[in-house]
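S.K.: Dumping the structure here so I can ask a few things about it.
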Amino acid sequence: MSIPRLVVAAPSSGSGKTTVATGLMAAFAGRGLAVSPHKVGPDYIDPGYHALATGRPGRNLDAYLSGTELIGPLFAHGAAGAELAVVEGVMGLYDGAGGEGELASTAQVAKLLRAPVVLVVDASSQSRSVAALVHGFASWDPEVRVAGVILNKVASNRHEELLREALDASGVPVLGVLRRVGAVRTPSRHLGLVPVAERADEAVEAVAALGHRH
């Protein structure tokens, strides 16, 4: 399990995890790296976008179904031959199986993999409050290493300045900022994202745009 890896997480669903994770996968693959894509939980739709971005099968890491002891071996098996692994989280960083504590949460998988976490924050409709949010997530569990934050849905240059100023004191670096761009839209419905197979050429174009932005 010596392959470099990172976990893309968020405070909640809908923050932009898939946008960022798929974009990073596509960008790294576009630079000629063999990227191993993974998804926390039983989700089958997001791995379709991951496979499109990397050219490798999207792998699930579900501690609820497999048990925590198999997360490492399953990760190592899926990442065999790769140079880098990107793991997309599920729901909010600390959300696990109902009534089971941290079981099957993104935080638990990150700890099992000893992987740094990149926190994707929907920064729309807030400025200084983002620092309190990030501080809370970064300090909640000392074993979870939040290595940086990516600010999503930033409205303007001024909005970005306010967010960066607020986060200066948090100790968590801002790794990137994303604005709203229609070309990278990943449409959703009641069960999650619309599957790659149902979007065909549109999905290919969206993933290419994501890679370009990252």
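The values are calculated or read from the model by the stated rules, or taken from the named source; none is laboratory data. Quick caveat: nothing in here was measured; it's all calculated off a predicted structure. Note: ideal-geometry Cβ built from the backbone for every residue, glycine included; neighbour counts use all protein chains shown. Areas reflect the complete protein model, heavy atoms only, side chains present, ligands, DNA and RNA absent. Shrake-Rupley method; radii C 1.70, N 1.55, O 1.52, S 1.80 Å.
S.K.: Keeping every protein chain present and rolling a 1.4 Å probe, give me the accessible area per residue for region 66-141 in Å².
M.R.: 43
S.K.: At a Förster distance of 25 Å, what's the computed FRET efficiency of Ser129 paired with Ala76, Cβ-Cβ distance as r, to 0.05?
M.R.: The computed FRET efficiency comes out at 0.05.
S.K.: While we're looking at this one, here's another question. Lys/Arg Cβ at +1, Asp/Glu Cβ at -1, dipole of region 1-64 taken about the Cα centre: which of Ala29, Thr18, Leu52 is farthest positive-ward?
M.R.: Value computed over the given set: Ala29.
S.K.: Residues of region 123-139 with the amide nitrogen closer than 14 Å to a label point 7 Å from the Cα of Leu162, along Cα-to-Cβ, please.
M.R.: 123-131
S.K.: For region 29-45, just list the computed ³J(HN,Hα) in residue order, Karplus coefficients 6.51, -1.76 and 1.60, θ = phi - 60°, integers in Hz, with x standing in for Gly and Pro.
M.R.: Here the 3J(HN,Hα) series is 5, x, 8, x, 8, 7, 10, 9, x, 9, 9, 6, x, x, 3, 10, 7 Hz.
S.K.: In nm, what is the difference between 0.36 nm times the number of residues separating Leu175 and Ser13 and their Cα-Cα distance?
M.R.: Working it through step by step, the gained length comes to 56.3 nm.
S.K.: In addition: In Å², what does the accessible area per residue of region 142-183 work out to with a 1.4 Å probe?
M.R.: Heavy-atom SASA per residue in region 142-183 reads 57 Å².
S.K.: A follow-up question, please. Taking the Cα centre of region 41-99 as origin, work out the dipole magnitude from +1 charges on Lys and Arg Cβ and -1 charges on Asp and Glu Cβ, in debye rounded to 20.
M.R.: 160
S.K.: Sticking with this one: Taking 8 Å as the Cα distance limit and 6 or more residues as the minimum spacing, I'd like the relative contact order of region 1-74 as a percentage.
M.R.: Worked out over region 1-74, it gives 24 percent.
S.K.: OK, next. What is the Cα centroid distance between region 108-148 and region 1-26, reported in whole angstrom?
M.R.: 12
S.K.: Give me the distance in nm between label points sitting 7 Å out from Cα along the Cα-to-Cβ direction at Ser2 and Glu100, one decimal.
M.R.: 3.3
S.K.: Could you look at region 43-135 and say what percent of its accessible area is carbon and sulfur, using a 1.4 Å probe and all protein chains?
M.R.: 53
S.K.: Here is a further query. For region 115-169, what relative contact order do you get, as a whole percent, if you take Cα pairs closer than 8 Å and at least 6 residues apart?
M.R.: Answer for region 115-169 is 53 percent.
S.K.: With only Lys, Arg, Asp and Glu charged, each at its Cβ (+1 for the first two, -1 for the last two), find how big the charge dipole of region 1-106 is about the Cα centre; round to the nearest 20 debye.
M.R.: In debye, rounded to 20, region 1-106 gives about 440.
S.K.: Stokes-Einstein at 20 °C, 1.002 mPa s, Kirkwood radius from Cα pairs: D for region 1-124 in µm² s⁻¹?
M.R.: In µm²/s, the coefficient is 153.
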